[in-house]
Amino acid sequence: MHFHEPAEDEDLQPLVNLTENLQIISKRSTREEKKRQRKEKARKNRLSLLDLPSELVVDILGHMLPRDVFVLSRVSQSVRRFVQENEERIAGEVIGSRYMVLKRCFQLPLRLEQVDVVDHLVLLGEEKPKNWYQHIAAPDSQELCCCRTCIMNWNNLCLMVDFTYWQDNLDNGDPLPVIQRGQYPEWNQELITKTAAIILKALYSPLLLGAVFEKYLQSIVRSIRRQRENKGNKRRRFRMTDEDVFAETDVFLERSGPPTMEIPFIRDRYYLLEAYLPNRAWIGEHSKWVYAGSMHSWDLQRLKTEAVARRKQKAPVSCKDLVICQGCGKTLSIEADASALPDAIS
Ligand SMILES: [Zn+2]
């Protein structure tokens, strides 16, 4: 076999290309290079909000109005992500410093996922909640607990939003549209559906709930101003100063004022309404408002007791039911035997 003898030049080191692009030096290129360096330096010197410790950023955003936090979150993707990831903390700060009265007056209905899975069956076995009011859509029983307390809480939240829609009419003295009993005009159905969508979303987004409080507080301010001008309204009033308005907090609603005695069950009630603030009572002896706690557990227990009683009447024969919960999709086993039922659903 013949091997090729290496040639002399094959012992040499591999060639390295040391050529470079020719640098074009001209007035224009020098100017552009300086400009690039200036930009680079400015970019390095520029500090972003997110360069601060996250606690500090949350603290800063917690002093802003909810609508401003939403506006800020549109500045860049990184700010948006930060707001999303820290929404609960930011909203906690905002609501805690600005809307504590509203937070305590407007309790939240529980989402079905927050209710014990066995209780789903009790709730879903109940009759679907009816649309009692023209200006409020009934809550979705597939999404929310529909015990009496949670329905009431839902109605209250929806009222906050509906009241804000009509502030221009009320300020300008334009009459609110009247809907005859049994009539369901399309515009109203669209409006209450929109309100329901806002509130449902707000139950998952504390910052959006803060924005609902913000708008409602603005409506209350307009409403109190309006009633001051209304010589025909001899009712007891809330005291509100220019500083209170400027502060954009609900602290002034903590002062003594007219208690809320009834729900504005029809929009006609908006004409004389200053501030609908349910779930609290003024205790003169202690000169302070006392806020009601949630009655959800008590209501749910009542529904369970009623469900057990109904089932005892309907299913005296012992058998095992497998039921798919419409709320969470889980398969539940319920002993239909009347004697076993209390254990299963209580
Ligand atoms: Zn409930």
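The values are calculated or read from the model by the stated rules, or taken from the named source; none is laboratory data. A quick note: this is a predicted structure, and the numbers were derived from the prediction, not measured. Note: ideal-geometry Cβ built from the backbone for every residue, glycine included; neighbour counts use all protein chains shown.
Just a few scattered comments:
- Candidate set: segment 105-140, residues that are in contact with a Gly (Cβ under 7 Å, 6 or more places away or on another chain) and buried (at least 20 other Cβ atoms within 10 Å of the Cβ); chosen: the one nearest to Asp250 (Cα to Cα): Leu112
- Failed item, numbered, when Arg89 is tested on (1) among the basic types (Lys, Arg); (2) in the same structural domain as Ser219 (by TED's automatic domain parsing); (3) at pLDDT 95 or above: (2)
- Of all the listed residues (Leu217, Leu209, Leu170, Leu176), the sole one being touching a Leu at 6+ places or on another chain (Cβ under 8 Å) and either within 16 Å of the ligand (Cβ to nearest atom) or in a loop (DSSP other than H, G, I, E, B) (or both) is Leu176.
- Arg255 vs. criteria touching a Cys at 6+ places or on another chain (Cβ under 7 Å) and more than 18 Å from Val161 (Cα to Cα): no
- Members of segment 150-160 found to be among the aliphatic types (A, V, I, L, M) and either within 14 Å of the ligand (Cβ to nearest atom) or more than 24 Å from Glu186 (Cβ to Cβ) (or both), listed by number: Ile151, Met152, Leu157
- Check on Leu102, within 30 Å of Thr249 (Cα to Cα) and part of a helix (DSSP H, G or I): yes
- Evaluation of Pro175 against (1) modelled with pLDDT of 95 or more; (2) crowded, with 22+ Cβ neighbours inside 10 Å (one fails), failing number: (2)
- Taken over segment 98-149, the residue count meeting the criterion of being free of Cβ contacts under 8 Å to residues at least 24 places away in the same chain, farther than 27 Å from Glu214 by Cα and away from the ligand (no atom under 13 Å from the Cβ) is 3.
- Condition check for Phe252: exposed (fewer than 14 other Cβ atoms within 10 Å of the Cβ) and part of a helix (DSSP H, G or I): no
- Test for Asp242: is it in the same structural domain as Asn153 (by TED's automatic domain parsing), of a type in the set (D, E, K, R) and under 21 Å from Glu93 (Cβ atoms): no
- Qualifying positions in segment 262-301 - assigned to a helix (DSSP H, G or I) and away from the ligand (no atom under 16 Å from the Cβ): Arg267, Asp268, Arg269, Tyr270
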